[in-house]
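Novice: Okay, here's the structure, questions in a sec.
Since every read-out is calculated from the coordinates, none of them should be taken as a lab result. If you're wondering where the values come from, they're calculated on a predicted model, not measured in any experiment. Note: ideal-geometry Cβ built from the backbone for every residue, glycine included; neighbour counts use all protein chains shown.
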Amino acid sequence: MSLLSVAPILDIQGLCKEFHGFAAVSDVTLQIKRGDIHALIGPNGAGKTTLFNLLTGFLKPTRGSIIYQSTDIAKIKNAADIALRGMVRSFQISAVFPHMTVLENVRVALQQKEKVSFKFWQSDRSLHHLHDRARELLAEVDLTDFESELAVNLPYGRKRALELATTLALEPELMLLDEPTQGMGHEDVDRVTQLIKKVSSGRTVLMVEHNMNVVSSIADRITVLQRGNVIADGTYAEVSTNPLVMEAYMGTTDAVLAGAHA
């Protein structure tokens, strides 16, 4: 077995982010194992979004390192360059072009990956070579029957599936999913949860998620943040019985298991 296969895909060491003396992320050390679905949870204001912003280059750390694929990406100035290296973030709010078709949305993402821009003086047919791959991605997220539908007409859960397809179009090795089931009904939560499990094959997933049923069902490992600090890290069984976690979640294990607002 090669050293690359056993080394974590993401190794965060002593990561800090301060805003005018306030530490939003404080000395976070965390390893993400290659091939895992790793959940990041914690009460509101715990620092989860700030940590995601640091990982993807939207914020620069006050100190610490973010080693992704053997490179300290904390030193990379352009957030787009991080995505092109294979760490791609799916945002909390569905980010699709509402008045383009489902197929066109995925094609735009493929254009970004292949650095193929649309030129107004060229026929739309010049981009048709991307359609086969776009349809493969739509099949992967169960949207084959919706390819000609305008994105604005999709039910909310299907829009999140479309966003997942556009994320996959960038060929991520590490996918960062920001609250992928937020605002969904039970049926959509179940569908998107199974999609995440499906598309994680051969990839690594780090996700912020509030729904503890989702976390318990698909996460290989869970890290709990509180006030910018890691207070627990382990399996769901280990984390849900950790005294610090129980205190963070209103003082009871039941609050964690019931999915208190993380």
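Novice: To the nearest 10 degrees, how steeply does helix 131-140 sit against the main Cα axis of the chain, on a 0 to 90 scale?
Specialist: Helix 131-140 sits at roughly 40 degrees to that axis.
Novice: While we're on this one: What span do the alpha-carbon atoms of the stretch 155-249 cover on each of the three principal axes, reported in whole Å from largest to smallest?
Specialist: Sorted from largest, the Cα extents of the stretch 155-249 read 39, 29, 22 Å.
Novice: Neighbouring Cβ atoms within 10 Å as the yardstick, rank TYR249, TYR236 fewest first. List each step's numbers first, then the result.
Specialist: Values: TYR249 25, TYR236 19.
Listing TYR249, TYR236 from fewest to most nearby Cβ atoms yields TYR236, TYR249.
Novice: Once you have the Cα-Cα distance between LYS77 and HIS20, take 0.36 nm times their residue separation minus that, and quote the gain in nm to one decimal.
Specialist: Taking 0.36 nm per residue and subtracting the Cα distance, the gain is 18.4 nm.
Novice: While we're looking at this one, here's another question. Students often get this wrong, so try it: which of (i) 18.6, 56; (ii) 22.4, 71; (iii) 19.0, 64 is Rg and Dmax of the Cα atoms in Å as calculated from the structure shown?
Specialist: It is the value labelled (iii).
Novice: Can you tell me the 0 to 90 degree angle between the C-alpha axis of helix 102-114 and the longest principal axis of the chain, rounded to 10?
Specialist: 80 degrees
Novice: Related question: Take MET87, MET246 and order them by how many other Cβ atoms sit within 10 Å, fewest up front.
Specialist: Exposure proxy ranking, most exposed first: MET246, MET87.
Novice: If the only charges are +1 at each Lys and Arg Cβ and -1 at each Asp and Glu Cβ, what is the size of the charge dipole of the stretch 188-253 around the Cα centre, to the nearest 20 debye?
Specialist: Roughly 240 debye for the stretch 188-253.
Novice: Hey, what number do you get for the chain at 222 nm if only DSSP H runs of n ≥ 4 count, each worth -39500 (n - 2.57), divided across all residues, to the nearest 500?
Specialist: -9500 deg cm²/dmol
Novice: Could you put SER217, SER200 in order, starting from the residue whose Cβ has the fewest other Cβ atoms within 10 Å?
Specialist: Arranged by neighbour count, lowest to highest, SER217, SER200 become SER217, SER200.
Novice: Taking the Cβ of GLU147 as the centre, find all other residues whose Cβ is under 11 Å away and add up their charges (Lys, Arg: +1; Asp, Glu: -1). Write out the running numbers ahead of the final one.
Specialist: Numbers: positive: ARG107, ARG135; negative: GLU104, ASP145, GLU149.
Here the charged neighbours net out to -1.
Novice: Once Lys and Arg get +1 and Asp and Glu get -1 on their Cβ, which of VAL102, LEU206, ALA79 lies farthest toward the positive end of the dipole of the chain?
Specialist: ALA79
Novice: How long are the semi-axes of the equivalent ellipsoid of the stretch 20-61, taking √(5λ) for every eigenvalue λ of the Cα gyration tensor, in whole Å from largest down?
Specialist: 20, 13, 10
Novice: Can you tell me what share of the DSSP beta bridges in the chain is antiparallel? A percent to the nearest 5 is fine.
Specialist: Here the antiparallel bridges make up roughly 55 percent for the chain.
Novice: If you don't mind, there's one more thing I want to ask. Using Cα-Cα distances under 8 Å and only pairs 6 or more residues apart, what relative contact order does the chain have, in percent? The partial results should precede the final answer.
Specialist: Numbers: 488 pairs, mean separation 65.6, N = 262.
Contact order relative to length: 25 percent.
Novice: Also, quick follow-up: May I ask for the net charge around ARG63, where only other residues with Cβ less than 15 Å from the Cβ of ARG63 are counted and Lys, Arg are +1 while Asp, Glu are -1? Present the calculation step by step, with values, prior to reporting the outcome.
Specialist: On the way: positive: LYS17, LYS60, LYS75; negative: GLU18, ASP27, ASP72.
Charge balance in the 15 Å sphere: 0.
Novice: Could I ask something else about it? For the Cα atoms of the chain, what angle does the longest principal axis make with the long axis of helix 156-168, in degrees from 0 to 90, nearest 10?
Specialist: Between the helix axis and the principal axis of the chain, the angle is about 80 degrees.
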